[in-house]
1. Of the residues G14, G28, G42, which exhibits the maximal mean-square fluctuation in a Gaussian network model of the chain defined by a 10 Å Cα contact cut-off?
2. For the chain, what is the largest minus smallest coordinate of the Cα atoms on each principal axis, given in angstrom and ordered from greatest to least?
3. Suppose the chain between Q80 and A37 were pulled fully straight at 0.36 nm per residue; how much longer would it get relative to their current alpha carbon spacing?
4. At most 11 other Cβ atoms within 10 Å and a DSSP loop assignment: could you name the trypsin sites (Lys or Arg not before Pro) in the range 41-102 that fit?
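Just so it is clear, none of the values below were taken in a lab; they were calculated from the coordinates. In this text, all values refer to a predicted model and were calculated from it rather than measured experimentally. Please note: Cβ atoms are built from the backbone with ideal geometry, for glycine as well, and neighbour counts cover all protein chains shown.
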Amino acid sequence: MKVLADGTRVYDGGARYRPVDPSARKIGVNRPANPLAQRFHGRWFEPLELVDDELREWPETRPDTDAFEHMSISLTCNCQVCQRPEAERWRRRWRREHGLRA
């Protein structure tokens, strides 16, 4: 393949191709300017801008052991902690310690 001074490419078989100026194209170029963009099934995906772990703010979490203390308040507590499947272990332990059916 040879490239002429005007930008025309001449291939070994004699075929010529002159790249069209992007402003003169009928169908625009849809490739993003980001060099890290990936094409998947005809669509371009750009990498996500992620926040560093040091800058992230994590929500306050409540341990499953809170379900143990909630049992002494009410046997049918419907708070978010008592709804978790893992909290059942602590609720069972409270029942066992207070002589109720496990």
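1. G14
2. 93, 30, 24
3. Fully extending the segment from Q80 to A37 adds 11.4 nm.
4. Counting only loop positions with at most 11 other Cβ atoms within 10 Å, the trypsin sites (Lys or Arg not before Pro) in the range 41-102 are R56, R101.
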